[in-house]
1. Specify the residue that is nearest to GLU181 (Cα to Cα); the eligible residues are those in segment 204-238 that are part of a loop (DSSP other than H, G, I, E, B) and modelled with pLDDT of 95 or more.
2. Within segment 217-232, identify whether any single residue is of a type in the set (S, T, N, Q) and closer than 26 Å to LEU315 by Cβ, and answer yes or no.
3. Would it be correct to say that LEU215 is in contact (Cβ under 8 Å) with a residue 40 or more places away in the chain, of a type outside the set (S, T, N, Q) and within 20 Å of GLU260 (Cα to Cα)?
4. Would you confirm whether or not segment 385-397 contains a residue that is part of a helix (DSSP H, G or I) and of a type in the set (Lys, Arg)?
5. Restricting the search to segment 587-597, which residues are assigned to a helix (DSSP H, G or I) and either in contact (Cβ under 8 Å) with a residue 60 or more places away in the chain or surrounded by 15 or more Cβ atoms within 10 Å (Cβ to Cβ) (or both)?
6. If you take the residues in segment 41-87 that are polar (S, T, N, Q) and within 16 Å of VAL118 (Cα to Cα), which one is surrounded by the fewest Cβ atoms within 10 Å (Cβ to Cβ)?
7. Given (1) in a loop (DSSP other than H, G, I, E, B); (2) of a type outside the set (Lys, Arg); (3) surrounded by fewer than 18 Cβ atoms within 10 Å (Cβ to Cβ), identify the lone condition not met by THR348.
8. Within segment 180-196, take every residue that is crowded, with 16+ Cβ neighbours inside 10 Å and not acidic (Asp, Glu) and give me the one that is farthest from the chain's Cα centre (by Cα).
Amino acid sequence: MKNFILFTCLLFLYTSSFCQEGIHFEPLTFEQAKAKAKAEKKLIFMDCYTSWCGPCKYMTEQVFTRKEAGTYFNPRFISVKFDMEKGEGKILAKRFPISAYPTFFIIRPDGSIQHTIVGGGPLDIFIDRVEKGVHVKTSLDYLQKQYKKGKLSKKQMMEYITILNQNQNYEKSKQISQELETRLTYKDRVKKEFWPLIESKNYGDPEFQFVLNHLSVLQKNIGEETLDHYLQSRFLVPISQCRTKQGEATQQQLEKIRQELSLVEFKSKENLINKLLFAEACAQENIDSIITLTQKMSIQPFSNDDLWFILSPYLNWMDKKGNKKQFYEAANLLDSLALKTQDKNMKTKLSHYAESFKILAYQGIFFHDLSFDEAKQKAQKENKMLFIDCYTRWCGPCMYMTNTIFKEEALGDFMNKQFICVKYDLETEKGSIIQKQYNVQVYPTFIILNPDGSLRHQFVGGGNSSKFLQKVKDGLDDRQSLSALNHKYNNGCRDKEFLTLYLNKLTELYSPQAIQVALDLFQQLNEEEKLSKNYWFLTGNIDIAPKDSEIGKYVLENRAKFFQTIGEEEVNNRLLNSYMKEVMMILYGKMIQTSPENLDKISRQITALHLKNNQVYQAYIKIAKAKLSNDIDHFISVCEKEYSKEFNKKVLYNMEGVGNNATSAQKKRWNDFLKKISSK
């Protein structure tokens, strides 16, 4: 007795939990399922799936697990499922007609197919499809057999067509639809049960014209909402197509649609007329009308489909046809639409499109207010190059470019189309990162990065817009850009013409690599070329050929020969400047890693040049040696003693001076000295 009670309780618990779950798929073979179906006088529901099929997973995880699914299926079917690529599923896949996944079969206990369902869907719709298969006279097998016998009624043919469409057998559906159409009378055509046959037809088909001619009857029989949706979707296709076409044929098409709309009344008619006017403005490329109509349409409630319809000209051609005023209006309008829509994705897209038109409307180069990381991400996302203006607040040429050149309309239109443009003060904390990463030495420097963030080009200096634009275009040229030249050099190219071009680019950037490239070029030259004016840009440049370099030593050793080709004064100035560069850096407080002995050597080298103002240069050297002594009183005394009228006063004014470590008396003495020389 106790065992019986325990068994009853377990059975109750199992039955209760069973009723609360979804479909109970039993772990049976196909033959076992047949036997159980025969014993219980049920049909078999067989789920044919694969592991990679997304809709299969959706049905398994989202639909079949619902309580309502279990309530419907469990009392009616023996439910089984097979992976058609594993185990017994492979055998069943050859036995049953499967064209897509998931496929579901309703099978009789003898193993024959009563009904087939291809594809899934929401539970309520899926149950409706299954229900057709449960009833013999609405099942696919019955309808197929009756059709072959020629015994289907018009209603049954419609049912058959519906199932074929649901199972994606469109070719067979089309064949039977054509047969049914020949059998339908006027009374049939306006009935709700045959509406799916007409609903599948498009604008321009005879059935569409039938709907227009008998709209009031169909609205009554089928429903106004259904007819409204049908007419709106069918009219919208040719209207949308006319947005992208011009010419007389397009105007005739729009006029035909206008006349057809004038003869019927339905809920969305006004919306379609507005879109018709919009398409007409697009066909005529009338931007002012497009903007006005967009404003009008945006006042009414709108869907994402409405927005995409409106956006077509904005995305496809308005940026090439409009003017600054129209771009400005378009930007404000798209911003307004972005505020109104509730769809987050659409809001993001509209804001992006609005920004595009703001840039088009801008007079000059549009610089985005973005961090460096944000700018790189935006460039990568939009697959555009990144242009960076590297400036400082004290840089005159930087301010000139900002306030004058970068405001030119033609330059802005070119730059804004090609680049995401940003600018950074390189003396700020954020800017210093860029300064170090790209070794920026002079201002303004302009950097072009590829969409992936790699360096493409870098150049310096201001100038007029045409000069600036040419340098930008050099950066876009795969033969002229700095990255292309770097690549060519690293791959071993040492052609003189190439090295000359490459050296000029590096010299402009004050790149340390210029010294090595200068040497590479120098070593390619014969003696005549080394001494010629053609290569004086190389041998005469102390930045790329300093005094202790191979080139610098060559110039000194062949000084007399250079006098003949370049001129005595210019050669001597080049040699003098190479020596005095170190002296000046000491005076300006930019170089401390030297010694009095090295300055003595420079003194002797300058003396050996036999220059007219040798004593002035020797005085500079003495002041530099005093500077190195860190004895402030001695430094001031030497300045007072060595100063003469031949001195360049700017050198003394720009010197580092006595510094913060000087006493008040020393500072006064220094200032008195500066006042004295300024009065002379």
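The values are calculated or read from the model by the stated rules, or taken from the named source; none is laboratory data. Values in this document were obtained by computation on a predicted structure and should not be read as measured data. Glycine gets a Cβ as well: all are built from the backbone with ideal geometry, and neighbour counts include every protein chain shown.
1. Of everything passing the filter in segment 204-238, HIS214 is nearest to GLU181 (Cα to Cα).
2. Yes, the conditions are met somewhere in segment 217-232.
3. Here the answer is yes, as LEU215 does meet what is asked.
4. Among the residues of segment 385-397, not one is part of a helix (DSSP H, G or I) and of a type in the set (Lys, Arg), which makes the answer no.
5. Listed by number, the list holds a single entry, LEU587.
6. THR50
7. Tallying (1) in a loop (DSSP other than H, G, I, E, B); (2) of a type outside the set (Lys, Arg); (3) surrounded by fewer than 18 Cβ atoms within 10 Å (Cβ to Cβ), THR348 fails exactly one: (1).
8. LEU184
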